[in-house]
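Contents: one structure, followed by commentary.
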Amino acid sequence: LHFTTMPRRGEAIKKQRETCSVKSCDNPSVEVGLLGNNKVLCQEHLDKESETVRKQAADVSWKMRQLVPGAKRRAKMMKELQALTVEVQEVNEMFNAVQEKLQQWRQKTVDRLQLVHQSVAERLTDADEAETREKEASLALAAQEIKKLAELSKKNSAWLVDASKRCKDFNNKRYELREFQRDYIDAGPRAEMRLRLFGDVASGVQQFQSTIDDHMTSVMTDCWLDLDDSGDDIDDLDITPVSSNQVFQVNLQSEPKFLAACSNTAGFVVDSVGFVKRSADCTGRGNVKPLGAPCVFFERQTDDKQNILAFSAEHKNVLNVGCNFSSTSGKVTGLHCDSNRQQLFVAHRSTVTVTDLSGGLVKVISGSSFDGVSRSFDAIAGNSDKLCFLDLAKQCVFSIDKDSSELLSVIDLWPLHDKGIFFTDLALVGSKLLLFNWGVLESVLKICGITGQAISSLPDKDSDDDEEPVDAAARVRRLAIDSKGFIVKLTGNEIVISTGDDVFVDSFELPVKETGLCGHIERLELVEKDNARWLAFTSNRNRLVLLKLAYN
Ligand SMILES: [Zn+2]
């Protein structure tokens with residue numbers, strides 16, 4: 001047993017007969033070597049080995065010393081570290097101050113609006129009270145209760161002093177504001193009806209985001225370590241031009257009419273024959289692929305048959321959506337997609353068909369089911385809660401609740417008409433509506449979705465340029481607003497991106513050579529997914545294009 005035990009390192013070899021394990025060496029072995037393998041070595045080779053170990057150790061030591069800067073440099077870096085600690089601390093303090101400042105502005109802005117809100121509410125309360133008091137007095141008079149009448153008159157006179165003053169103040173303020181609007185905005189004599197007394201404060205606040213982004217992007221370049229580390233990525237802070245691999249397009253046999261984009265297609269797939277299906281309906285049916293997002297749904301008419309088709313960047317061909325419309329529903333007049341609900345709303349003149357993304361029927365809304373007035377769905381827009389429709393002939397916008405299909409409001413557009421121009425399409429941005437007129441006017445009108453009064457035109461018309469007629473090509477044909485308030489507008493054959501307060505960000509000509517596009521863009525739809533913005537549009541050259549936009 002003793003002889004079969006392997007010798008351990010450092011242990012003297014007891015087997016004197018054994019020789020050095022180096023091949024060409026016959027010297028008797030002395031000890032197990034230092035470099036492992038449990039090989040026994042003679043004294044000579046042991047010495048050689050320890051020399052190697054010393055050399056290696058010296059080399060490693062030298063390399064390690066290279067990592068230690070000189071005392072001066074080291075002290076400098078220690079200071080730098082200290083400074084960085086303070087910088088981080090100060091940045092946090094500054095952000096606290098900025099947040100506080102922001103909170104102050106929030107309070108100020110909300111307070112100011114609340115004040116206006118309150119003054120209007122007070123005016124209405126006074127009106128109610130005047131009515132009630134007057135009624136009470138006339139009842140007393142009619143009943144010949146002279147004593148009561150005397151009491152009421154005394155009480156009412158006292159109330160009137162204050163109420164009249166409040167009313168006068170209120171009216172004066174309004175009058176001043178109207179005068180201002182007349183002078184500066186050229187709102188014309190019907191300003192009272194046409195212009196809202198308060199602007200789009202919400203979008204003003206929304207635009208602040210892009211101001212913050214712009215400013216902080218440049219501030220970030222001062223964090224030089226970060227810049228150094230990221231190398232070429234610094235370009236990401238700038239606007240990336242749209243490159244050809246971010247353009248997806250299909251050429252169609254006939255012109256695509258209407259367009260809706262969806263950012264949430266989870267649970268929907270494409271089957272082996274190119275139909276969009278619910279994935280739950282396709283289990284065990286072999287070759288299905290996710291529908292992918294963003295996905296564009298569009299309408300196309302062929303031989304009196306209406307089709308809803310789909311297109312996504314992940315499938316290079318057109319997909320079928322199995323919508324079944326009643327033969328009496330007539331032409332499609334608009335499409336709207338709700339990404340959260342994963343529903344498509346297909347408007348016909350007299351009905352709206354609601355389906356899931358695979359065309360499965362959810363419900364049908366009839367134009368005659370509202371307030372006794374037959375309403376026409378000539379254009380559709382929507383947000384998470386409601387649908388808005390334009391009735392062309394009546395020139396009104398009416399909205400209905402998405403859940404209950406009940407009529408919510410009707411906005412008359414006649415007071416907004418100028419030079420007999422009709423509005424032909426609409427979009428919904430928060431509580432505000434955008435009205436389009438197919439490029440007859442040079443701008444798009446933004447109106448209040450509740451009062452129906454005008455708020456502004458987009459882009460803002462520069463009053464200095466009033467005399468110059470706007471070139472037809474420069475007129476805004478379509479316009480979309482993203483969640484940060486950036487405006488994507490289509491003028492002629494160019495797409496221009498600007499911030500909400502009309503500061504130019506980027507523009508590009510539609511890629512004519514690449515896509516063979518020219519002529520007109522008919523529809524434009526902006527869809528956001530995972531912080532990326534996509535623009536989908538149709539052209540009258542029978543093309544549908546999905547384009548990834550890059551801007552901050
Ligand atoms: Zn040896």
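The values are calculated or read from the model by the stated rules, or taken from the named source; none is laboratory data. Being a predicted model, the structure only gives us computed values, none of them experimental. Here the Cβ is made from the backbone with ideal geometry for all residues, glycine too, and neighbour counts use every protein chain on show. Accessible surface areas use protein heavy atoms only, side chains included; no ligands, DNA or RNA. Shrake-Rupley method; radii C 1.70, N 1.55, O 1.52, S 1.80 Å.
Taking the criterion of being open to solvent by 10 Å² or more (accessible area, probe 1.4 Å), in a strand (DSSP E or B) and within 15 Å of S263 (Cα to Cα), the residues of the range 528-548 that qualify are E528, K529, A532, R533, W534, K548. For the range 496-527, a tally of residues being open to solvent by less than 30 Å² (accessible area, probe 1.4 Å), within 25 Å of T265 (Cβ to Cβ) and at pLDDT 80 or above returns 2. Here S399 clears all of (1) farther than 21 Å from A480 by Cβ; (2) crowded, with 16+ Cβ neighbours inside 10 Å; (3) among the polar types (S, T, N, Q) except the condition numbered (1). In this structure, A313 qualifies as among the small types (G, A, S) and within 26 Å of Q246 (Cβ to Cβ).
Would you confirm, using the coordinates I've provided, whether L149 is surrounded by 13 or more Cβ atoms within 10 Å (Cβ to Cβ) and modelled with pLDDT of 90 or more? When the stated conditions are applied, L149 passes them.
Just one of the listed residues (S368, S329, S376, S358) is under 26 Å from L546 (Cα atoms), outside any strand (DSSP E or B) and either modelled with pLDDT under 90 or open to solvent by less than 40 Å² (accessible area, probe 1.4 Å) (or both), namely S358. The set of residues from the range 181-216 being over 19 Å from G449 (Cα atoms) and either at pLDDT 80 or above or under 25 Å from the mean Cα position of the chain (by Cα) (or both) comprises Q207, F208, Q209, S210, T211, I212, D213, D214, H215, M216. Against the condition more than 30 Å from V219 (Cβ to Cβ) and of a type in the set (S, T, N, Q), how does Q82 come out, does it pass? Answer is no for this residue.
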